[in-house]
Each structure stands twice: as structure tokens, then as C-alpha cells.
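Okay, structure first, notes after.
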Amino acid sequence: MEIVFNEQELAEVQKIQAKYPQKESSIMPILWMAQKKFGYLSNEVMIYVAKLLEISPTKVEGVATFYTMFFKKQMGKHHIQVCTNVSCMLRGGVKIFQHLSDKFNISNMETTEDGLFSLEECECMGACSGAPMMAINEDYHENITIEKLEELLAICK
Ligand code: FES
């Protein structure tokens with residue numbers, strides 16, 4: 001895939017940049033757009049974003065590597081994040097993570113061979129009252145049990 005935004009996306013980039021006093025400050029939403037389009041932030045993608053923002057690729061890499069929401073390798077079509085921080089751990093988060101790890105035979109930040117699922121063990125996702133919680137891509141799911149989890153997985157195609 002050629003690493004380039006289309007005209008419509010470039011217009012969106014300009015709209016985002018117009019909200020900030022400096023182009024550089026728009027780095028987070030632009031990286032998010034890039035990840036959505038290209039799947040993950042490869043070196044090539046980071047260099048492209050650096051050119052758009054007129055900053056050094058090293059600065060882009062610094063942001064991309066600091067925030068865990070940015071992937072540096074291709075993840076699954078359904079990226080599953082399971083919180084195992086205190087509230088979730090006490091209510092079964094670790095069991096949920098282990099169940100997924102065993103079921104798919106993958107560890108933290110790995111992807112199934114068919115590319116359908118990837119798994120990530122997360123710190124608190126700010127939904128402790130619904131512990132244990134997990135996310136599939138951008139959808140949060142609270143009070144997860146193994147049964148609920150299996151129901152959710154069954155509709156992931
Ligand atoms: S500890 Fe899991 S969401 Fe806060």
C-alpha cells in the first residue's frame with residue numbers, strides 16, 4: 001500500500017491542523033488517522049506524518065512509542081485489550097486475559113496466524129466500576145465473564 005493520504009484525508013488533516021496554534025501540536029489526531037488508514041505506524045508512515053507536520057521523524061517516533069494506543073506492528077482485525085489492573089484483576093481480569101491467551105495461543109501484543117485477533121494486557125482503562133472490562137477495537141465491554149466474552153468473540157468475523 002502506498003503511504004499517502006488521499007485528497008479528502010489531506011483536507012481532514014488541514015482541518016485538524018487549523019485547530020492548533022502550531023502544526024506540530026496536531027500530531028496525536030494525525031497519527032491516529034494514519035494508524036486507522038495504514039493499520040499501524042511503520043517507519044514509512046512515521047516519516048510521512050513527520051513530513052506533513054514539518055517536524056523530524058524522531059519527534060514522531062517519540063510520540064508513537066510513548067502512547068500504547070499507537071501500534072508499531074500490524075495487529076489483528078479485532079484487537080482485544082484486557083485490563084488487568086487492580087479493580088479488574090480482583091474481579092477476574094487476569095482470568096479473562098489468560099482464557100484469550102490460551103484460546104488463541106498468543107501472548108501479550110501478539111496476533112493469531114489468520115490475522116483475526118490480537119491481544120493486549122492493559123493498565124486501567126478508566127472503567128473500574130464495570131470491572132473486569134475489556135475493549136474490542138474501540139468498543140468497551142464491562143462486567144465481562146467467560147460466557148459474555150465467548151458471545152462477543154462469536155460475532156467477530
Ligand atoms: S482497573 Fe480496570 S478499568 Fe480500572
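Annotations for the structure displayed:
- Largest to smallest in accessible area, the residues Met125, Met89, Met46 fall in the order Met89, Met125, Met46 (1.4 Å probe, all protein chains included).
- Placing +1 on each Lys and Arg Cβ and -1 on each Asp and Glu Cβ, with no other charges, gives the stretch 1-95 a dipole about its Cα centre of roughly 500 debye.
- Stretching the chain fully between Lys148 and Ser42 yields a gain of 34.7 nm (0.36 nm per residue, less the alpha carbon separation).
- Against the chain, whose longest principal axis is taken from its Cα atoms, helix 93-104 shows a tilt of about 80°.
- Compared with the dominant principal axis of the Cα atoms in the chain, helix 27-38 is inclined by about 70°.
- Net charge contributed by nearby residues that have their C-beta within less than 10 Å of Gly39 (K/R +1, D/E -1): +4
- FRET efficiency for the pair Met28 and Met1, taken as 1/(1 + (r/R0)^6) with r the Cβ-Cβ distance and R0 = 25 Å, rounds to 0.65.
- Protein-only accessible surface order, largest first, of His78, His99 at 1.4 Å: His99, His78
- Rg and Dmax of the chain, both derived from C-alpha coordinates alone, stand at 17.5, 49 Å.
- Using C-alpha pairs under 8 Å with a sequence gap of at least 6, the mean separation divided by the residue count of the stretch 102-157 gives a relative contact order of 19 percent.
- For the stretch 8-157: relative contact order, % (alpha-carbon pairs under 8 angstrom, 6 or more apart): 18 percent
- Given a 1.4 Å probe and the protein chains as shown, Cys124 ends up with an accessible area of around 70 Å².
- Exposure of Lys148 as accessible area (Å², to 10), given a probe of 1.4 Å and all protein chains: 90 Å²
- Accessible surface of the stretch 85-128 [probe 1.4 Å, protein heavy atoms]: carbon and sulfur percent: 50 percent
- A 1.4 Å probe run over the protein chains yields, for the chain, 59 Å² of accessible area per residue, whole-number rounding.
- Alpha-carbon geometry of the stretch 1-90: the Rg and the Dmax are 14.7, 49 Å, given in that order.
- Potential lengthening between Val94 and Ile155 on full extension [0.36 nm per residue; Cα-Cα distance subtracted]: 19.7 nm
- Distance from the stretch 60-78 to the stretch 85-157 (C-alpha centre basis), Å: 18 Å
- The chain - mean residue ellipticity at 222 nm from DSSP helices (-39,500 (n - 2.57) per run, n ≥ 4, rounded to 500): -13000 deg cm²/dmol
The values are calculated or read from the model by the stated rules, or taken from the named source; none is laboratory data. Just so it is clear, the structure is predicted and the values come from calculations on it, not from any experiment. Cβ: placed from backbone, ideal geometry, glycine included. Neighbour counts: every protein chain shown. What goes into the accessible areas is simple: the full protein's heavy atoms, side chains included, and nothing from ligands, DNA or RNA. Shrake-Rupley method; radii C 1.70, N 1.55, O 1.52, S 1.80 Å.
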